[in-house]
Amino acid sequence: MKSVTIKLNSINDVKQFVNIVSKYDFDVDLVSGRYIIDAKSIMGIFSLDLANPIELEARGNEVDPLIDELEPFLVK
């Protein structure tokens, strides 16, 4: 499992994020407080408080290509 912090600033960011994450077969979750949402669910993402950064947890053997592709959304 790999964990990174992301920030989604607009509706277009959310759409682009879901399109990227949906290409991968392993589980990807977003954690905000006590809520855990499937990162492939656009409706689930919109139920989160997007004003704050969100923790992304990717569970798979080869998650590095996903993290590389999500570079524009990563909080440093």
How about Lys23: which aspartates and glutamates have a C-alpha closer than 14 Å to its C-alpha, ignoring those fewer than 8 places off in the same chain?
-> Asp38, Glu62, Asp64, Asp68, Glu69
The summed charge of the Asn61 Cβ neighbourhood (under 13 Å; Lys/Arg +1, Asp/Glu -1) stands at -2
Between Ser41 and Glu55, what is the label-to-label distance in nm when each label sits 7 Å out along the Cα-to-Cβ direction?
-> 1.9 nm
So what are the radius of gyration and Dmax for the Cα set of segment 2-73, in Å?
-> 10.9, 31
Would you mind calculating the gained length between Phe26 and Leu74 on full extension (0.36 nm times residue separation, minus the Cα-Cα distance), in nm to one decimal?
-> 15.4 nm
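Where a number appears in this text, it was derived from the coordinates with a stated rule and is not lab data. Every value quoted in this text rests on a predicted model; they were computed, and no experiment measured them. Every residue, glycine as well, gets a Cβ built from its backbone with ideal geometry; the counts of neighbours run over all protein chains shown.
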